[in-house]
Amino acid sequence: MDSNKKTAPPKQNGKKRLVPTQLVSPPTGPQGPYKLPKNQHFSDHRRFGFSNIMLVLVIVFLFAPLIVVIFYSFNESKGMRWTGVSLKWYVQLFMESEALWKAFTNSFIIAISSSIVATVLGSLASIGIKWYKFKSRTYIQIASFLPMVLPEVIIGISMLIFFTAVKIPLGMFTIFVAHTTFNIPFVFLLVSARLDEFDFSIIEAARDLGATERQTLFKVVIPSIMPAIVSSMLMSVTMSLEDFVITFFVSGPGSTTLPLYVYSMIRYGVSPVINSLSLVLILGIMILALSLKRFLKTIAASS
Amino acid sequence: MKGFDVTVKDVSRAYGSFKALDDVSVEIRKGEFFSLLGPSGCGKTTLLRIIAGFDSPDVGTVLLDGKNILPLPPDKRQVNTVFQNYALFPHLSVFDNVAFPLRLKKIPVAKLQAKVREYLHLVQLDDHVDKKPSMLSGGQKQRVAIARALINEPSVLLLDEPLSALDAKLRQNLLVELDHLHDQIGITFIYVTHDQSEALSVSDRIAVMNQGKVLQIGTPYEIYESPATDFVARFIGETNLFPATVLSCAPFEEEYLVSLDIPDLGKSILVTDYDPLEVGQRVSFTIRPEKIKITGDEPRRVGKDINLFKGIVEEPIYSGFQSKYYVSLENQTVLKVIQQHNNYMDEGPDIDWKDQVYVSWSAEDGYIVEVIDT
């Protein structure tokens, strides 16, 4: 047996009581809050480093055209030559552009109605496809993405052919149907993405706690995917507002939307009224986006 | 005792060719803390989901207080579940989560508030009433889930591995709290777990399951000390298990003294058994590590029913309250031995790596497990 192994402590009359190991003495000197070392790998401290230059270039590329438009909306003359500051195009926009505001109202009505219908249908579709297991599930899923990947021209033409074949007069209603159709896949996609990370045991929990299937849907499932529903509806509104190609095919007399109207204005020569309209729209959308961002944040925080 | 008894009769459930439950029958008594214990995939969760109503058996019945509950949907059964991943409603506060079942029943506001506060107090969450589930720790989330499941005053509470997502220390504390809750409320608890120490520490009775079958039902003591099959012996606690053949069997003080030939140990050993065995019968022999004594010097032989082996310590594992030794016998078979350190002054890790030691156990401490032909 190893001799040095069992020498200490002596075993005859019980062992010696162990002495606690001496602790390392605490550090002395000035103590401040611990600072994380600066990350040397990814931060570019040079003023004219690559990333800063790229940032400026991208911002200029994105916003320069907008700034030009805003700038010329205050121009006195009609051409590209700067002659002096004037608000006359704004006066014309608000006082003498009835057709424009009619188109704006049309766009607005269609955007709101089609996005509401698309959100309801798309959300229910994705909940249904996640919730129930049935044979044609995958086919429906694939088919629902078709309007998203098909070129808009094809959708527009096919809708035009369809509406004329079933003799539905082109107008507000057909635009509404078309916009609802191309909005549903986006709603479906967004809500499905949210449902993918949805913990389905909370459905079982709700049923377990005494909720019927309907109560589970309205009190548990829909409230917990509300952020996705709201954001998909907002996306539908913007897509509907800006759509030109499909609307172009399915619109009829008296149902001109804003994009169609602006396009027709440009055909008869560029009017600075469009510039002033741009600023009004930019401001309106910015205010909307900022307030909605705050709203969405509170929803997101609550879930 | 409050609560209902649950009777599971001849239940089978298959998913395709996989038999999740194979002719399972269990009787759970009123007010019992009953555990379903087994490795993952043994069917314990399937059985729980069948009792809760999320799954239905291919054949068999489930009786709650003598009434068949299989035709009822989950919301009509007097059974509530605590889920493994908490399953809290993310959009509701702690209060609203717990109030959810009461709101469905349209209980008046004043009564509802009082009751929710009572149950939140029961699980010690008085300070977190208005928080959202995402702001809670794992242990707090599970408390909310427990309060929410109990507020409906179910007759049976089902717990599906409720502690498996928590760290070890918290798990111990919550387990004790669960046991207290069970004592306070007195309803039937059915607890699903794969952790044998959890099941042993709180259950009144345990059903050990494997591959869709119930292998043994009994108190923790019965399951640990007299396992019905070699699987139960290996799954519950640690053990040394060897195949053996009966050499002789003679009556010995109300029992039978059996001599076993164990090729792995290199010689025959003695063990007592309650039932007579036939000579030549193939059995399994099991001895728990803590029942083996380990000494540096050869022990004085007391009686002839002591089994003694000589070996070398291959691996000593000191863990504070005990030491575990892997002792290699002369024919290279490794025995697990556990020594408790009960007393500071005269015990301690005085056995070292590569020491020569003697391991011994009494015939009464070994146990014969019948081999089930499969």
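The values are calculated or read from the model by the stated rules, or taken from the named source; none is laboratory data. Please read these numbers as outputs of a predicted model, since none were measured by experiment. Here the Cβ is made from the backbone with ideal geometry for all residues, glycine too, and neighbour counts use every protein chain on show.
Some points to look at:
- Scanning segment B:72-81 for residues that are in contact with a strand residue (DSSP E or B) (Cβ under 8 Å, 6 or more places away or on another chain) and either at pLDDT 95 or above or facing chain A (nearest Cβ under 9 Å) (or both), we see that the one that is farthest from B:Leu166 (Cα to Cα) is B:Arg77.
- Inter-residue pairs, beta-carbon under 7 Å, first more than 14 Å from every other protein chain (Cβ to nearest Cβ) and in segment A:179-208, second in a loop (DSSP other than H, G, I, E, B) and crowded, with 19+ Cβ neighbours inside 10 Å, 6+ apart: A:His179/A:Asp243; A:Val191/A:Ile225
- Strands (runs of 3 or more DSSP E) completely within segment B:288-367 that count 3 or more residues being at pLDDT 90 or above and on the phi > 0 side of the Ramachandran plot: none
- With respect to the conditions (1) closer than 20 Å to B:Ile151 by Cβ; (2) under 24 Å from the mean Cα position of the chain (by Cα), B:Leu47 lacks only one, and its number is (1).
- Answer from A:Ile274, A:Ile287, A:Ile266, A:Ile203 - the residue that is surrounded by 17 or more Cβ atoms within 10 Å (Cβ to Cβ) and either within 26 Å of the chain's Cα centre (by Cα) or over 27 Å from A:Val120 (Cβ atoms) (or both): A:Ile274
- Any hit, segment A:267-281, residues being closer than 20 Å to A:Ile155 by Cβ and of a type in the set (Phe, Trp, Tyr): no
- Test: B:Thr188 is away from chain A (no Cβ under 14 Å), under 30 Å from B:Lys106 (Cβ atoms) and out of contact with any Cys (no Cβ under 9 Å at 6 or more places or on another chain): yes
Quick grid of which residues meet (1) free of Cβ contacts under 8 Å to residues at least 12 places away in the same chain; (2) closer than 24 Å to B:Phe189 by Cα; (3) more than 9 Å from chain A (Cβ to nearest Cβ):
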{"residue": "B:Leu70", "(1), (2), (3)": "no, yes, yes"}
{"residue": "B:Phe83", "(1), (2), (3)": "no, yes, no"}
{"residue": "B:Lys106", "(1), (2), (3)": "yes, no, yes"}
{"residue": "B:Val116", "(1), (2), (3)": "no, yes, yes"}
{"residue": "B:His128", "(1), (2), (3)": "no, no, yes"}
{"residue": "B:Gly138", "(1), (2), (3)": "no, yes, yes"}
{"residue": "B:Ile146", "(1), (2), (3)": "no, yes, yes"}
{"residue": "B:Ile151", "(1), (2), (3)": "no, yes, no"}
{"residue": "B:Val156", "(1), (2), (3)": "no, yes, yes"}
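- Residues of segment B:203-220 that turn out to be of a type outside the set (Lys, Arg) and not in a loop (DSSP other than H, G, I, E, B), as a count: 11
- Residue count for segment A:253-280, restricted to those that are assigned to a loop (DSSP other than H, G, I, E, B) and touching a Phe, Trp or Tyr at 6+ places or on another chain (Cβ under 9 Å): 3.
- Some residue of segment A:289-302 being outside any helix (DSSP H, G or I) and in contact (Cβ under 8 Å) with a residue 60 or more places away in the chain: no
- Filtered residue count, segment A:60-89, keeping only those that are in contact with a helix residue (DSSP H, G or I) (Cβ under 8 Å, 6 or more places away or on another chain) and of a type in the set (Gly, Ala, Ser): 1
- Flag for A:Ser232 being away from chain B (no Cβ under 12 Å), farther than 17 Å from A:Gly122 by Cβ and polar (S, T, N, Q): no
- The set of residues from segment A:143-178 being among the aromatic types (Phe, Trp, Tyr), under 22 Å from A:Thr105 (Cα atoms) and either surrounded by fewer than 14 Cβ atoms within 10 Å (Cβ to Cβ) or free of Cβ contacts under 8 Å to residues at least 24 places away in the same chain (or both) comprises just one member, A:Phe173.
- Cβ pairs under 6 Å, 6+ apart, first in segment A:221-239 and at pLDDT below 90, second in a helix (DSSP H, G or I): A:Ile225/A:Arg194; A:Met226/A:Ile299; A:Pro227/A:Ile299; A:Pro227/A:Ala300; A:Ala228/A:Leu190; A:Ala228/A:Val191; A:Ala228/A:Arg194; A:Met235/A:Phe186
Each row is one residue, and each column tells you yes or no for (1) touching a residue at least 24 places away in the same chain (Cβ under 8 Å); (2) in a strand (DSSP E or B); (3) within 29 Å of the chain's Cα centre (by Cα).
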residue: B:Pro243; (1), (2), (3): yes, yes, yes
residue: B:Val258; (1), (2), (3): yes, yes, no
residue: B:Asp261; (1), (2), (3): no, yes, no
residue: B:Leu270; (1), (2), (3): yes, yes, no
residue: B:Glu278; (1), (2), (3): yes, no, no
residue: B:Val283; (1), (2), (3): yes, yes, yes
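- Segment B:165-176, residues that are away from chain A (no Cβ under 14 Å) and closer than 25 Å to B:Ile187 by Cα: B:Leu166, B:Leu170, B:Arg171, B:Gln172, B:Asn173, B:Leu174, B:Leu175, B:Val176
- In the set B:Leu159, B:Leu136, only one residue is modelled with pLDDT of 90 or more and crowded, with 20+ Cβ neighbours inside 10 Å; that residue is B:Leu159.
- Verdict on B:Glu290 being surrounded by 13 or more Cβ atoms within 10 Å (Cβ to Cβ) and either assigned by TED's automatic domain parsing to the domain that holds B:Ala228 or closer than 18 Å to B:Ser226 by Cβ (or both): yes
- Segment A:209-224 - residue that is within 30 Å of A:Leu146 (Cα to Cα) and within 9 Å of chain B (Cβ to nearest Cβ) and, of those, surrounded by the most Cβ atoms within 10 Å (Cβ to Cβ): A:Ser224
- When segment B:103-125 is filtered for residues that are surrounded by fewer than 17 Cβ atoms within 10 Å (Cβ to Cβ), under 32 Å from the mean Cα position of the chain (by Cα) and assigned to a helix (DSSP H, G or I), the ones remaining, listed by number, are B:Glu118, B:His121.
- Being farther than 25 Å from B:Asp5 by Cβ, at the interface with chain A (Cβ under 9 Å from one of its Cβ atoms), assigned to a loop (DSSP other than H, G, I, E, B) and out of contact with any Lys or Arg (no Cβ under 6 Å at 6 or more places or on another chain) is a description that applies to B:Phe89.
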